[in-house]
Structures are given as structure tokens and as C-alpha cells.
Amino acid sequence: MLHQDQQEHAAKPFFAKLIDLRKEQKHWLAEQARLGREKAHIEALIERFESAIAFMPESADDLQALIKESKQQKEELLTERKSVNRQISSIRVEATQQTANTNYGNTGKGDRRRIRMNKESALRPQESQKEAIERQVRELDQTIDRLEKFE
């Protein structure tokens, strides 16, 4: 239908094309776009269901092993997060000590600014690593909760 409307529109003279509102063609294009979005949404749901089905353990022993493995991964991530927190803390303490050793007033203003900028640039990788670890921990918590519902 859309193709036919396009052919009919192409066959019209130039001024008729300008005047023609092409309501039917616009309607079909909008409908086509809507159906495309719905198709993409349905395909995403199918993919989520397939991954959930593939994730399901086949036996109670597999379920327990998977829960145990997920909890172990979580503990490893929490240990890694503690290490990152210690690094962050040491960077902050070092910056505080450096700031304490600067001159007061306007004479030390540039030094304090440099120390703060260095501290922020040193913290940026650790903060992003910490956020990634926390995201993984949340995902593992959700996985563990889902697995424990199967018990």
C-alpha cells in the first residue's frame, strides 16, 4: 500500500505534489514506524526470556552450586571494593597533609588549587572502578535473589 501511494505521488505533476498533503502516505509511514518499534520491543523481550531460560539451573544441585558461586563472586567483589576504598582514603589523606603544609592566605592559594586538582584526577579512576564494582554487586544480588526463589 505504501509503495503504491509513493508511485501515485511520483506520477503527479510538480505543483500537484506540493499541494497534495499525502495524508494516507503519512499515515502508513507512521504505522510502519510504530510497528517497527513494537517489533524491536518484542524481540528484546524474547531475548530476555531466552537468556532467563538459559540461565535456569537443570537440577537442585546445579542451583545450589550456582548460588554458592554467585555468593563467592560477590565476596570477591566486596573485597576488591574495600581495597579501592582504602586507595581512595589514602589519596584523600595525602592531599589533606599536603594542603596542611601549604602557606596560608593568597600565597598558598595556587598550591592548594593544584593539590585539589591532582587529588580529583587521582580519584577519578578509583571512583569509576568503585561504581563498576557496586553495579556488579547489585547485579549479583539480583541474581542471587532470583536463584533463591527457585529453591
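Some notes on this structure:
- Helices (runs of 4 or more DSSP H) completely within the stretch 1-79 that count 3 or more residues being modelled with pLDDT under 90, within 30 Å of K130 (Cβ to Cβ) and within 35 Å of the chain's Cα centre (by Cα): 23-55
- The set of residues in the stretch 72-106 that are in contact (Cβ under 8 Å) with a residue 40 or more places away in the chain and in contact with a Leu (Cβ under 8 Å, 6 or more places away or on another chain) comprises Q73, K74, L77, I88.
- In the stretch 94-151, the residues that are within 30 Å of E58 (Cα to Cα) and either among the basic types (K, R) or not in a helix (DSSP H, G or I) (or both): R135, R138, R146, K149, E151
The values are calculated or read from the model by the stated rules, or taken from the named source; none is laboratory data. Given the structure is predicted, the values throughout are model-derived calculations rather than measurements. Positions of Cβ are generated from backbone atoms using ideal geometry, with glycine treated the same way; all protein chains shown enter the neighbour counts.
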